[in-house]
Amino acid sequence: MGFQIANEPEADKVLDQYPFAVVVGMMLDQQYGMEHAFRGGWKVLSRFGTLEPAAIAAAEPEAFKELCSRPPAIHRFPGSMAARLQELAALVDSRYAGDVTRLWTEPATGKELFKRVQELPGFGKQKAQIFVALLAKQLGVRPEGWEAVAGDYALDGYRSVADVVDAASLQKVREFKQQKKAAAKGA
C-alpha cells in the first residue's frame, strides 16, 4: 500500500522510494502540520535533485537554506530546519555510510533502536518513541522490546503520525492531539 502521511500522492511516493525522506519528515514534524512535514523530502528532492545524505551534507549552507525557504517552504522555520537537515544528513552519511535504513535494520533490540533514533538531530524522547512506533506499524520494523520503548505510541489507536495511513486517520490523529491539548490546558 505505501505511505499516505503527506496527503499528497507525489510526496507519499517519495516517502515510499526514499527511506531518508521518512526520517526527514519525522524531523520536520515539529510545530508544523504532520502532512506538511512529511512533504519535506519531496520538496528537497524536487528542488535539489537528490536526497543523498552526502550531497545534502556537502551543500553550501546559504544556498541550501534558500532552496528550503522557497515557497512552499519545507517548514515554517525553514532556515533553522535547513541547517538541522544538513546536520541530520551529515550524521547519516558518517555513521551509516549514507544508508539510513541501517539505523533500523541493525539494532537487535528496541532499546538499541531507540538509542540510535535519539541520537538524530531534533529527536527527543517523545519524537524517538513516535518514530519507533512508525517504523513498527508502517514498515514492520519490530526488534524485541520495541513496544516498551515506544510506550503508548505502540498501542492501537490514533495517537501520532505512526497511526496515519489515510486522510481519515490523519484527521483522527489531529482530533486526538487537540483533545490532549485541551485536557492539558484545562488541568
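Where a number appears in this text, it was derived from the coordinates with a stated rule and is not lab data. The structure presented is a predicted model; accordingly, all values stated were derived computationally and were not measured. Note that we place each Cβ from the backbone using ideal geometry, even for glycine, and neighbour counts take in every protein chain shown.
At most 12 other Cβ atoms within 10 Å and a DSSP loop assignment: could you name the GluC sites (Glu not before Pro) in the stretch 132-176 that fit?
Qualifying residues, ordered by number: none.
Only one of the values (1) 11.8; (2) 10.3; (3) 10.8 was calculated from this structure for mean projected area of the Cα convex hull in nm²; name its label.
Here the calculated entry is (2).
Quick one: which of Lys127/Lys185; Lys13/Lys185; Lys115/Lys177; Lys13/Lys181 span more than 29 angstrom between C-alpha atoms?
The pairs that break the limit, which is 29 Å between Cα atoms, are Lys13/Lys185; Lys13/Lys181.
Explain nothing, just compute: Karplus ³J(HN,Hα) = 6.51 cos²θ - 1.76 cosθ + 1.60, θ = phi - 60°, for every residue of the stretch 105-114 in order, whole Hz, x for Gly and Pro.
Once θ is set to phi - 60°, the couplings for the stretch 105-114 become 8, 7, x, 8, 10, x, 4, 5, 4, 4 Hz.
In whole Hz, with x marking every Gly and Pro, tabulate ³J(HN,Hα) for the stretch 123-132 from phi via Karplus 6.51 cos²θ - 1.76 cosθ + 1.60, θ = phi - 60°.
Result, ordered by residue: 10, x, 4, 5, 5, 5, 4, 5, 5, 4 Hz.
Could you run the Karplus curve 6.51 cos²θ - 1.76 cosθ + 1.60 with θ = phi - 60° over the stretch 5-11 and give me ³J(HN,Hα) per residue in whole Hz, x for Gly and Pro?
8, 6, 6, 8, x, 5, 5
Would you work out the relative contact order for the stretch 21-119, in percent, from Cα pairs under 8 angstrom that are 6 or more residues apart?
Averaging sequence separation for qualifying contacts and normalising by length gives 23 percent for the stretch 21-119.
If you build the Cα gyration tensor of the stretch 1-69 and take the root of 5 times each eigenvalue, what three semi-axes come out, in whole angstrom, biggest first?
20, 13, 10
What number does the stretch 56-125 give for Rg over Rh if you use C-alpha atoms and the Kirkwood radius?
Using only Cα positions, Rg/Rh for the stretch 56-125 is 1.05.
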